[in-house]
Amino acid sequence: MGRVESVLVILGLSLLGLLEAQNPGPAQSLSPMSARDPALFPVCVSDSDCDKISEKKGDSYACFQYMCYPYTNKDQSHPLRLCKKKSDCRKLGIKEGGDGGDGECFRHHNRRQVTRGICTSSRDMDDCSDHSDCGEGRKCINLYCGAEDYYEALEEMSCDSDQFCKDMLTGSHCCFDIRGGLMGWKGGNADWDKKCCTNEAGPVKQPPDNLSREQLDKLNRKIQKQYQRMSLDGVICRGLKYEMMMKLSACSSFTTTTTTTTTTTTTTTKKTTKPPKKTKPKTSSSTRYSLSSVGSLVVMAIVFFS
């Protein structure tokens, strides 16, 4: 009986293994893979921001949400699926930016020219008006929640007004980009354009503290040759950190500390004492009577001898 029981146990375990293989547990949800890359599909606010990539790639790109993307299906190697309706976005794969479930079809506002939209996951359709409306690791980009790398790219877009920066949630001012002029963005070419920033000292996008002597000399020449002629040297210098101003001869006139001495003058006012009034001597009643009698006699004498 021992052998028979052992055989039955082995058969039972084998059968259980087969049943589990044929009936797997609930599938784990797949984590969506980001199919959006600002290096391949640049950040945008309007279709005009996509003109350069369209010309470079020889294809038609339009601004979808905050990303330039081709809509002609000319190159089918691009990751996102094109669509005209929601049913075109069923079972979006990981490489398509989905999680295996059905997605949404985001259509461009100009449907006459841009005839196809892009399939996105429901998560990428979240709209916003502030960064706090988006989850962790995401930012509000052109009214849609997106990845931080696209927000960083948005911060590097040129600006022409403070209001643009406030609308894009990228800063309070349209600033002189000293950092970009000295270093370029992510190792790119130098760019002295205006970019959004928040700097209470002045509308200047500050460079890092560890500038080389060569970079400091470059900034010094820029201030002397260009900003001084435009009467902007004070704005630029005051917008830098004070320690950096001290290293620039072009900013020397804005680093001098003037000490103001306040002299307090105490005025002593002498109180003038008025001289005492002279008191008239009082005349007694007897004296007044005598004078009156003399006067009467004088009058009578004049009348008698007249």
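Below are the figures for this structure:
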read-out: Count of the range 206-220 residues which are charged (D, E, K, R) and touching a residue at least 12 places away in the same chain (Cβ under 8 Å); value: 2
read-out: Qualifying residues in the range 169-200 (those that are open to solvent by 20 Å² or more (accessible area, probe 1.4 Å) and modelled with pLDDT of 90 or more) - the one farthest from Met244 (Cα to Cα); value: Leu169
read-out: Residue in the range 128-148 that is within 23 Å of Tyr71 (Cα to Cα) and either touching a Ser or Thr at 6+ places or on another chain (Cβ under 8 Å) or surrounded by fewer than 15 Cβ atoms within 10 Å (Cβ to Cβ) (or both) present; value: yes
read-out: Among residues of the range 93-114, those that are in contact with a strand residue (DSSP E or B) (Cβ under 6 Å, 6 or more places away or on another chain), assigned to a loop (DSSP other than H, G, I, E, B) and not charged (D, E, K, R), counted; value: 3
read-out: Breaking point among (1) surrounded by 10 or more Cβ atoms within 10 Å (Cβ to Cβ); (2) modelled with pLDDT of 95 or more; (3) among the polar types (S, T, N, Q), for Asn73; value: (2)
read-out: Some residue of the range 138-152 being of a type in the set (A, V, I, L, M, F, W, C), out of contact with any Lys or Arg (no Cβ under 6 Å at 6 or more places or on another chain), within 30 Å of Gln76 (Cβ to Cβ) and in a helix (DSSP H, G or I); value: no
read-out: Only one of Arg229, Arg221, Arg179 that is among the charged types (D, E, K, R), farther than 22 Å from Gln65 by Cβ and assigned to a loop (DSSP other than H, G, I, E, B); value: Arg229
read-out: Candidates Lys225, Lys194, filtered to the one that is closer than 29 Å to Phe41 by Cβ and of a type in the set (D, E, K, R); value: Lys194
read-out: Close pairs from the range 72-93: first at positive phi and in contact (Cβ under 8 Å) with a residue 12 or more places away in the chain, partner part of a loop (DSSP other than H, G, I, E, B) and open to solvent by 50 Å² or more (accessible area, probe 1.4 Å), Cβ under 8 Å, at least 6 apart; value: Asn73/Arg116
read-out: Number of the condition not met by Arg123 [criteria: (1) without any contact (Cβ under 8 Å) to a residue 60 or more places away in the chain; (2) farther than 19 Å from Ser46 by Cα; (3) open to solvent by 50 Å² or more (accessible area, probe 1.4 Å)]; value: (1)
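The values are calculated or read from the model by the stated rules, or taken from the named source; none is laboratory data. Note that the structure is predicted; figures quoted are calculated from it, not measured. Neighbour counts run over all protein chains shown; Cβ positions are idealised from the backbone, glycine included. For the accessible areas, the whole protein counts, side chains as well, though only heavy atoms, and no ligand, DNA or RNA atoms are used. Shrake-Rupley method; radii C 1.70, N 1.55, O 1.52, S 1.80 Å.
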